[in-house]
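Step one of this worksheet: look at the structure below.
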Amino acid sequence: MLLEIRDLHVSVGETDILKGLNLTVNPGEVHAIMGPNGSGKSTLANVIAGRPEFTVVRGEVSYQGRDLMALLPEERAREGVFMAFQYPAELAGVRTWQFLKASVDAVRKHRGMKELSIREFDRLLDEKRRMVRIDADMVKRSVNEGYSGGEKKRNEVLQMAMLDPTLAVLDETDSGLDIDALRIVADGVNSFRSPSKAIVMVTHYQRILGYVSPDRVHVLLDGRIVRSGGRELALELEEKGYDWVRAEAA
Amino acid sequence: MTQTLTRYERYEADFHALDTAGRPQWLQDLRQTAWTRFLDLGFPTARRGNEKWKYTNAAPIARMEFGHDGRSRPNGLSAETTDAAIPRHDAWSQLVFVDGVFAEALSSRPESTDEVRVSSLEEAVLSNSETVESHLARHTPFEDDGFAALNTAFLRDGAFVHVAAGADVETPIHLVFLSTGNAAPTVSYPRALIVAENGSRATVIESYAGLNGGRYFSNSVSEMVIGEGAEVEHYRLQEESEAAFHVGSARVVLGEGGAYSSGAFSRGAALGRYDLSVLLDGPGSACRLSGLYVTSGTQHLDNNINIEHAKPYTTSRLNYKGILDGRSRAVFGGTVLVRKEAQKTDASQSDKNLVLSPYAEVDSKPALFIYADDVKCGHGATAGNIDEETVFYMRSRGMDVDTASRLLIHGFASETVDTVREPNLRAYLESQFLDTLPGRRLEF
Ligand SMILES: Nc1ncnc2c1ncn2[C@@H]1O[C@H](COP(=O)(O)OP(=O)(O)OP(=O)(O)O)[C@@H](O)[C@H]1O
Ligand SMILES: [Mg+2]
């Protein structure tokens with residue numbers, strides 16, 4: 001088991017958002033999480049990544065058999081947890097290559113690998129950015145500043161590729177992409193797939209699942225996973241919406 | 001009154017002791033007028049309802065006794081000592097002043113040509129330069145400014161740059177004003193006059209720095225006359241010693257179609273103030289003013305910028321940034337004045353502050369006065385700490401809080417450094433200035 005979430009209750013301030021969520025992810029698997037707006041999908045992704053303002057009220061999250069909640073966000077990243085943000089931040093004056101270098105250095109250092117030389121780093125960056133079709137000029141610009149919606153999403157995939165995580169949680173990385181970009185992102189995700197890694201993909205559309213075929217599809221409703229199935233569940237949701245799931249869950 | 005006299009006794013004695021034998025009468029008269037004016041004005045106090053000095057208390061300067069010796073020569077100073085304090089590049093022309101007095105041995109100035117003349121003001125005055133006589137102290141009114149009056153009263157030496165019409169001076173001209181900062185507090189009066197005739201181009205860098213840790217007072221005035229269609233790039237580095245007082249002003253006047261760009265970087269002095277006044281006095285003239293101030297400890301830095309749009313189709317762009325730490329304080333003030341006849345003025349101002357400590361404080365209070373009706377004016381000021389959302393984004397990529405904040409603070413400042421066009425200066429700022437930026441002790 002790579003990730004195991006049991007009876008997870010999470011709140012922000014006085015508001016309960018996750019209300020007893022269970023999820024098990026094994027190495028090599030791809031899980032899709034779908035659900036209406038505000039049901040708690042991003043909250044789940046952010047709790048896994050360690051966003052400070054969320055409070056875990058009850059339940060357990062274990063990653064590679066360890067208590068994930070005991071780790072700082074940066075420790076989780078170094079241990080191989082990655083989240084692609086639904087709304088990535090913009091970093092004024094911090095260039096993308098500089099940001100990536102600092103990230104890669106931090107992660108490699110933790111894994112006992114030596115720091116990449118500028119030349120080695122450039123080679124790695126060139127290879128990865130070509131995969132997601134980000135041109136050389138773009139990595140010289142400030143992180144996400146003035147990037148289009150689609151460019152920001154591709155930049156998230158670039159970061160994933162550079163950091164080479166074990167568990168990737170992608171929060172709507174397929175939203176706002178044109179047809180070509182969707183393919184590029186899907187290819188990026190597929191090339192990341194391996195028997196030792198796992199992907200949790202939050203999405204509103206079954207379309208991406210045509211490219212990246214999931215092992216499991218889950219419906220997150222009002223803070224809980226209320227239904228799980230195979231790829232066909234995504235198609236059913238697309239056709240019928242969430243009301244029937246809600247009715248059955250009630 | 002008696003008290004005032006007592007307070008300025010030392011200045012009075014030094015004023016009368018200043019050796020100005022052989023100087024032309026106009027200069028003697030100018031100095032006398034300025035001295036009389038200084039005695040009337042004194043140092044500014046917030047008490048008088050003085051908007052310009054509302055947030056900066058000049059009393060520590062007024063209270064202290066500073067000695068002045070206009071004859072002091074940079075005995076025993078070598079290029080190695082001075083270079084450590086300032087940016088430098090072999091390609092630059094460099095005039096070095098120690099305690100306000102020209103130090104030939106430390107300078108590397110170009111031969112005077114038909115295109116450009118770079119000399120000490122003293123030389124220019126003694127050779128009866130008409131340009132000097134017609135411009136010196138004509139652009140910096142000291143009627144309402146005690147510091148400018150005091151500087152003018154002690155006017156003896158300084159830098160003089162004269163760029164001939166149509167000349168394109170590619171080599172940056174670096175004016176270095178060093179203070180020795182000896183055991184007994186001293187004051188010096190750096191002065192510069194830069195005249196860029198019609199259609200000329202030049203880059204001028206001013207550096208202010210201290211050589212020793214002692215307490216001293218540097219009271220500077222620079223005047224810049226930019227002719228029709230002329231372009232001047234002006235950089236100013238205030239890197240005075242920690243205990244120093246620095247009060248400087250620059251007054252820039254532009255003719256039709258003239259362009260002035262300024263990059264002001266300040267991180268030195270215990271108490272520092274820079275007044276930059278730009279008079280857009282010709283139609284279509286434009287200025288672009290960037291600045292970065294970095295404060296820590298109990299430092300107090302004040303930038304006061306006054307832009308006057310006097311003619312139509314004039315443009316001003318102001319982008320300042322501050323990084324504050326410790327218990328320091330920064331002030332960003334001044335005015336943009338759009339005269340009635342200055343139609344089609346396009347003015348924008350922005351002052352952004354990164355306040356890293358809960359004990360640091362910034363007063364960002366620029367004011368707009370618009371008397372024309374067909375203008376485009378905008379201004380904004382912000383102050384805030386590093387955005388936690390952004391820090392989380394970076395932590396989720398494996399960086400610790402320290403690395404993340406350092407990158408963000410560096411990034412914030414580098415946006416200003418990036419506007420510097422002179423590559424050797426930009427390199428200095430990137431390697432020296434940015435590297436001493438404070439980090440952040442975040443609590444999560
Ligand atoms: N910081 C916060 N403070 C208060 N409420 C919050 C906060 N963050 C999230 N919420 C609330 O928690 C609920 C779940 O939000 P979340 O972002 O997880 O939804 P989501 O399933 O990702 O929705 P979407 O599909 O629109 O992205 C929402 O009602 C949201 O308003
Ligand atoms: Mg969401």
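Phi angles across region B:173-182 convert, under the Karplus curve 6.51 cos²θ - 1.76 cosθ + 1.60 with θ = phi - 60°, into 3J(HN,Hα) values of 9, 9, 9, 10, 10, 9, 10, 6, x, 7 Hz, Gly and Pro given as x.
Remind me, what semi-axes does region B:151-295 give for its equivalent ellipsoid, largest first in whole Å, using sqrt of 5 times each Cα gyration tensor eigenvalue? Can you show the working numbers first?
On the way: eigenvalues 166, 43, 31 Å².
Over the Cα atoms of region B:151-295, the semi-axes work out to 29, 15, 12 Å.
Distance distribution note for region B:387-444: the fraction of Cα pairs above 18 angstrom is 40%. Computed over the alpha-carbon atoms, region A:43-83 gives an Rg to Rh ratio of 0.91, Rh here being the Kirkwood radius from the mean inverse distance. Our Cα-only numbers for region B:171-246 put the radius of gyration and Dmax at 14.7, 47 Å. Give the distance, in whole Å, between the Cα centre of region B:89-134 and the Cα centre of region B:232-304. The two parts, judged by their Cα centres, are 22 Å apart.
Taking each DSSP H run with n ≥ 4 as -39500 (n - 2.57) and averaging over every residue of chain B yields -6000 deg cm²/dmol at 222 nm.
At 37 °C and 0.692 mPa s, what whole-number value in µm²/s does Stokes-Einstein give for the translational diffusion of region A:124-179, with Rh from the Kirkwood sum over Cα pairs?
278
Going through region B:75-112, which GluC sites (Glu not before Pro) have at most 11 other Cβ atoms within 10 Å and a DSSP loop state? Walk me through the numbers on the way to the answer.
Numbers: sites: B:Glu80, B:Glu104, B:Glu111; in loops: B:Glu111.
Of the GluC sites (Glu not before Pro), the ones in loops of region B:75-112 whose Cβ has at most 11 other Cβ atoms within 10 Å are B:Glu111.
Each of B:Thr20 and B:Tyr359 was given a label point 7 Å from its Cα along the Cα-to-Cβ line. The distance between the two points is 4.5 nm.
Across chain A, the relative contact order, built from alpha-carbon pairs under 8 Å that are at least six residues apart, equals 27 percent. When the GluC sites (Glu not before Pro) in region A:65-117 are filtered for DSSP coil states and for at most 14 other beta-carbon atoms within 10 Å of their beta-carbon, the remaining sites are A:Glu115. Mean-square fluctuations from a GNM of chain A, with a 10 angstrom spring cutoff on Cα atoms, peak among A:Asp174, A:Asp187, A:Asp137 at A:Asp137. Simple spin-label estimate for A:Arg119 and A:Arg193 gives 3.7 nm between the two label positions (7 Å along the Cα-to-Cβ direction from each Cα). Calculated [222 nm] ellipticity per residue, helices only, for chain A: -11500 deg cm²/dmol; basis is -39500 (n - 2.57) per DSSP H run with n ≥ 4, divided by all residues, nearest 500. Rounded, prolate or oblate: which fits region B:310-444 when a ≥ b ≥ c are the square roots of the eigenvalues of the alpha-carbon gyration tensor, with rounded for a/c under 1.5 and prolate only if a/b beats b/c? Prolate. In this structure, the amide hydrogen of A:Leu221, modeled 1.01 Å from its nitrogen in the peptide plane, lies closer than 5 angstrom to those of A:Val226, counting only residues at least 5 positions away or on a different chain. In order along region B:286-291, the Karplus-derived 3J(HN,Hα) couplings, from 6.51 cos²θ - 1.76 cosθ + 1.60 at θ = phi - 60°, round to 9, 9, 10, 10, 10, x Hz, and Gly and Pro are given as x.
For B:Gly158, the residues 5 or more places off, or on other chains, whose built amide H falls under 5 Å of its own are B:Phe102, B:Leu121, B:Glu122. Backbone geometry of region A:7-18 corresponds, through the Karplus equation with coefficients 6.51, -1.76 and 1.60 at θ = phi - 60°, to 3J(HN,Hα) couplings of 6, 7, 10, 10, 9, 10, x, 8, 8, 7, 10, 9 Hz, x marking Gly and Pro.
Structural descriptor for chain B: relative contact order 10 percent, calculated from alpha carbon pairs under 8 angstrom and at least 6 residues apart. Pick from B:Leu211, B:Leu178, B:Leu301: which residue has the top mean-square fluctuation in a GNM of chain B where Cα pairs under 10 Å get a spring? Top of the fluctuation ranking is B:Leu211. The ellipsoid that matches the Cα gyration tensor of region A:3-249 has semi-axes, each √(5λ) in whole angstrom, of 30, 21, 16, with the longest given first.
Rg and Dmax over the alpha-carbon atoms of region B:70-156 stand at 15.1, 41 Å.
Once divided by 2.2 N^0.38 Å, the Cα radius of gyration of region B:9-282 becomes 0.94. In loop segments of region B:122-162 as defined by DSSP, the GluC sites (Glu not before Pro) with at most 11 further C-beta atoms inside 10 Å of their C-beta are B:Glu143. Site pair A:His110 and A:Glu145 shows an inter-label distance of 2.6 nm when each label is modelled 7 Å from Cα along Cα→Cβ. Residues considered: B:Leu95, B:Leu434, B:Leu254. Largest GNM mean-square fluctuation over chain B, using C-alpha springs under 10 Å, is found at B:Leu434. The convex hull defined by the C-alpha atoms of the protein assembly as shown has an orientation-averaged projected area of 35.6 nm².
Residues whose amide H falls under 5 Å from that of B:Thr382, counting only those 5 or more places apart or on a different chain, are B:Asp351, B:Lys352, B:Asn353, with hydrogens built in the peptide plane.
A short reminder: the numbers here are calculations on the coordinates, not readings from a lab. Remember, predicted model here, so these are calculated numbers, not experimental data. As a convention, Cβ positions derive from the backbone with ideal geometry for all residues, glycine included, and neighbour counts pool all protein chains shown.
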